[in-house]
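Taking it in order: structure first as structure tokens, then the write-up.
Nothing in this text is a laboratory measurement; each read-out follows from the coordinates by a stated rule. Owing to the predicted nature of the structure, the values given are computational and were not obtained by experimental measurement. Every residue, glycine among them, receives a Cβ derived from its backbone with ideal geometry; neighbour counts consider all protein chains shown.
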Amino acid sequence: MKCPFCKEDRDRVIDSRSSDGGRVIRRRRQCLLCKRRFTTYEKIGESFKLWVVKKDHSRVPYERDKIIAGSQKACYKRPVSAEQIQEIADRVEEKIFRYFDKEVTSAFIGESVMEELGKVDKVAYIRFASVYRDFRDAGELIKEVSEVIDHAEPAGQPRLFDE
């Protein structure tokens with residue numbers, strides 16, 4: 001690896017750590033010539049692609065950023081931190097890569113995001129479900145909200161979410 005400072009190709013690895021759910025290796029290196037330190041990241045090459053099969057059977061490349069963007073929209077003005085949204089994306093992604101290696105359905109991704117949002121914030125869950133499930137009328141939305149309320153914590157239990 002060439003040193004970004006002196007451009008010499010002699011270094012040693014000081015520390016290696018796994019990151020991004022085990023899909024990236026972060027390495028701290030030190031140049032043997034100028035003694036400066038720098039960080040490199042190793043990840044699976046671009047030849048590996050996970051494809052998302054949409055409802056219309058078209059296929060698009062998997063993009064983690066779409067999970068994050070959808071979760072951010074659902075959590076807008078809700079007490080959900082950016083770190084929690086990243087954790088949701090991490091858990092969904094771990095689930096995807098545990099069960100699928102080449103193709104995953106958009107339905108699996110959507111249901112997984114809803115499941116994780118439901119654990120964090122019920123309002124965000126309803127917002128995401130209203131877009132993801134594409135309710136045709138208010139009755140379908142009311143039914144979904146009723147199911148969330150029916151599965152809420154029993155009376156007397158501490159509340160985990162602001163509603």
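Points to keep in mind about this one:
- Pairs exceeding a 19 Å alpha-carbon distance, out of K95/K143; K66/K143; K55/K102; K95/K119; K95/K122: K95/K143; K66/K143; K95/K122.
- Pairwise FRET efficiency - R10 versus Q72, Cβ, R0 = 30 Å, nearest 0.05: 0.10
- Simple label model, 7 Å out from Cα along Cβ direction - V60 to E115, nm: 2.3
- Full extension of the chain segment joining R23 with K43 gains 6.6 nm, where the gain is 0.36 nm per residue of separation less the Cα-Cα distance.
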